[in-house]
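A short worksheet on the structure shown next.
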């Protein structure tokens, strides 16, 4: 019981600290640029995925360190993650905060042309330094669309993710991480607009999958190697989550399941399924390890 209380304390402090640091960095960034009012306070949602991934990594590491039993540790991490994330959403859902109009975009460059990685959509801007300027959207296989007064949130939902420029000086690996985190933030923002329950269902699937990765903390005896493995595995989960939310993958999945599963539940269902499979793997490997110890 004492270890569970410690886990609650460490998880809570970690969540508050990570969220606060990310929010401050984002706020300092937008202070250097013109701001606008964002629907539903997109500022705090944009840093929420970083907080979730970071605090879950901290939580599973601490649960292994203090020796909390696997089922109890996983259950505690999922409940803590849902509690903090859901409470934050309830408290800040209606707060409108200043957000840089290019907060989910890379530097636009001088060409005025942007690319949506999700569907290879091209957006031609009248003013390359203002994503809210009139634009022409080109998607393969569809007619050109002219938008005189674009809405950034609606545009992102329509294209299936944030826009990225053809021209950027950021390293490729950093571009991928930023894009995937922005994709997750857009997904959370969209689902919160649909309602608190869809938001909680999606976050729950993400929490279940991340907490099921507890076994990676026991793979080796070298702390530095273990840390690198954890970071790489969490990076892979982030990329997988962004991939599952792309329109093309969604269409392919819908063609497989037909009308059995609503489109909005496809991604969460896959996250829950993967987490459950990892739970089973962890349980079986733990039983095999115990039997080997008794046999020896």
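Values in this text are rule-based calculations from the coordinates and carry no lab data. Because the structure is a prediction, the values reported are computed rather than measured. We place every Cβ from the backbone using ideal geometry, glycine too, and count neighbours over all the protein chains shown.
For a quick protection proxy, order the peptides 197-206, 10-19, 67-76, 255-264 by their average other-Cβ count within 10 Å, most packed first. Each step should come with its number before you reach the end.
Values: 197-206: 20.0, 10-19: 17.8, 67-76: 16.0, 255-264: 10.4.
Highest-to-lowest ranking by the protection proxy: 197-206, 10-19, 67-76, 255-264.
Classify the range 195-291 as rounded, prolate or oblate, taking a ≥ b ≥ c as the square roots of the eigenvalues of its Cα gyration tensor: rounded when a/c is under 1.5, otherwise prolate if a/b is larger than b/c and oblate if not.
prolate
Calculate, in nm to one decimal, what residue 222 and residue 263 gain on full extension: separation in residues at 0.36 nm each, minus their alpha carbon distance. The partial results should precede the final answer.
On the way: separation 41, 0.36 × 41 = 14.76 nm, distance 4.27 nm.
Computed gain between residue 222 and residue 263 is 10.5 nm.
Could you work out how far apart the two model spin labels at residue 197 and residue 277 are, taking each label as a point 7 Å from the Cα in the direction of the beta carbon, and quote it in nm?
So the two model labels end up 2.9 nm from each other.
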